[in-house]
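Reading through the structure tokens given below for one structure.
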Ligand SMILES: Nc1ncnc2c1ncn2[C@@H]1O[C@H](COP(=O)(O)OP(=O)(O)OP(=O)(O)O)[C@@H](O)[C@H]1O
Ligand SMILES: [Mg+2]
């Protein structure tokens, strides 16, 4: 039994009946409020929280069934017992159908009343527990880890995307999990049995992209000795994931627009239009609208793609999800290495929480991987953390420093977040590899600046 008194609202037009119920239930330790009719009951329900409603069926003006309907529509977790004067099956069935937990045919004994009340209140408690769990963990997190409010918004948006076939634009910083979101939508929906085909638009040379996407017919170009299907044909019935959509040329954008508008593709060198049934999910870590303004991205394509937008929040905005994710990666890595998970000191956990994770989940995954490998099963403490974390300014704390310091710090962050991949780091920093090498020599200790 919970420590607060459970509150029961008794609704009956007969004062004697109300009084009998009030006395009996109060004697059992319940708090009882009474109302002579449905209108009064509705007012009380609005003003006070009630655990259980016991209502008579036949009352002048508005009957008990209407009250049941009202309670069910407005207060999902309130229990209901219907008292019927006739004991007829039909009224009982109607009451249960409307959502009453139980019904008591008149006349009933005190014991019958109390037993029905206990049963109904127990159901209420179960229901409440279930509802609060529902609130704590969303019904569906699509295999993604995270319980923060920011991630719950993502899950809700994903659920919406699953139920329709519209094009989705997934935005977010590098390493936030955009591809995972796209996969989650695909595998939770009706297209799950057909392929999910990821295409890195920035990674395929422009000259090949069209034939990779749409296929080519035999003889379309030198070397095309066979007809070959493209990603769009392969994905028929499923999903094409256009990653780094901002990296497509304007010419390519026109072709993508055609697919989106007409659901038709043409193989390179082919004359026929082919129908394909694909859902497109695109992703970018750029501000596409900025590119539209600078005429580097077609406005019409932007609006075609951005039917549903899911913005994946940076890790630093996900509260303690960072700890959940860290735990997940520790176990994953330890399992892969076939050893026990090393314990992390409180100091390390605090650093994980405070660090601002410019490379987001991917950076966290890299850091944890390194820590688990290095730990050799021993506990992990602050000196084990990469210097970029130990010496970084905690998020939210501003420190006055020189531009060079900011640059040095940023170069280190980006490198750490992409696991030392210089091509990727140079890309993110918007500089060429040669400049990056120079900066690394200038800012990093000699052993880390090695090429
Ligand atoms: N919520 C999450 N739960 C578990 N793993 C995650 C989550 N988010 C991201 N990851 C993992 O982090 C890594 C990066 O995720 P993903 O590749 O989806 O990011 P991205 O946003 O597409 O990155 P980029 O912009 O660099 O392409 C992957 O290994 C992915 O499995
Ligand atoms: Mg990606």
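Here are a few things to note about the model shown:
- If the condition is being surrounded by fewer than 20 Cβ atoms within 10 Å (Cβ to Cβ) and either away from ligand 2 (no atom under 13 Å from the Cβ) or outside the structural domain of residue 390 (by TED's automatic domain parsing) (or both), then segment 353-364 contributes 353, 354, 356.
- Screening 300, 311, 321 for residues that are within 28 Å of residue 231 (Cβ to Cβ), modelled with pLDDT of 90 or more and within 13 Å of ligand 1 (Cβ to nearest atom) leaves exactly one candidate, 311.
- Checking 114, 169, 144 one by one, the residue that is at pLDDT 90 or above, surrounded by 15 or more Cβ atoms within 10 Å (Cβ to Cβ), within 16 Å of ligand 1 (Cβ to nearest atom) and not assigned by TED's automatic domain parsing to the domain that holds residue 272 is 144 and no other.
- Residues of segment 168-192 satisfying the condition of being near ligand 2 (Cβ under 9 Å from one of its atoms), part of a helix (DSSP H, G or I) and touching a residue at least 60 places away in the same chain (Cβ under 8 Å): 178, 179, 182
- Residue match in segment 202-220 (condition: within 14 Å of ligand 1 (Cβ to nearest atom), crowded, with 18+ Cβ neighbours inside 10 Å and closer than 26 Å to residue 297 by Cβ): no
- Qualifying position, being surrounded by fewer than 18 Cβ atoms within 10 Å (Cβ to Cβ) and touching a residue at least 60 places away in the same chain (Cβ under 8 Å), among 43, 28, 6: 28
- Of all residue pairs spaced 6 or more apart or on separate chains, those with beta-carbon atoms under 8 Å, a first member in segment 320-332 that is over 16 Å from residue 354 (Cβ atoms) and a second member that is within 16 Å of ligand 2 (Cβ to nearest atom) and part of a helix (DSSP H, G or I) are 329/364; 329/365.
- Annotation: residue 451 fulfils all but one of (1) touching a helix residue (DSSP H, G or I) at 6+ places or on another chain (Cβ under 7 Å); (2) modelled with pLDDT under 85; (3) outside any loop (DSSP other than H, G, I, E, B); the unmet one is (3).
- Residue satisfying all of: in segment 289-333; within 16 Å of ligand 2 (Cβ to nearest atom) and surrounded by fewer than 21 Cβ atoms within 10 Å (Cβ to Cβ); nearest to residue 184 (Cα to Cα) among these: 311
- Residue match in segment 237-250 (condition: away from ligand 2 (no atom under 16 Å from the Cβ) and either more than 23 Å from residue 307 (Cβ to Cβ) or in contact with a helix residue (DSSP H, G or I) (Cβ under 6 Å, 6 or more places away or on another chain) (or both)): yes
- When residue 121 is tested against (1) at pLDDT 75 or above; (2) within 15 Å of ligand 1 (Cβ to nearest atom), exactly one condition is not met: (2).
- The single condition among (1) under 28 Å from residue 290 (Cα atoms); (2) crowded, with 21+ Cβ neighbours inside 10 Å that residue 153 does not meet is (2).
- Among (1) surrounded by 13 or more Cβ atoms within 10 Å (Cβ to Cβ); (2) outside any helix (DSSP H, G or I) - the single one residue 61 does not satisfy: (1)
The values are calculated or read from the model by the stated rules, or taken from the named source; none is laboratory data. Everything quoted here is computed from the prediction, not taken from an experiment. Glycine also receives a Cβ, built like all others from the backbone with ideal geometry; neighbour counts cover every protein chain displayed.
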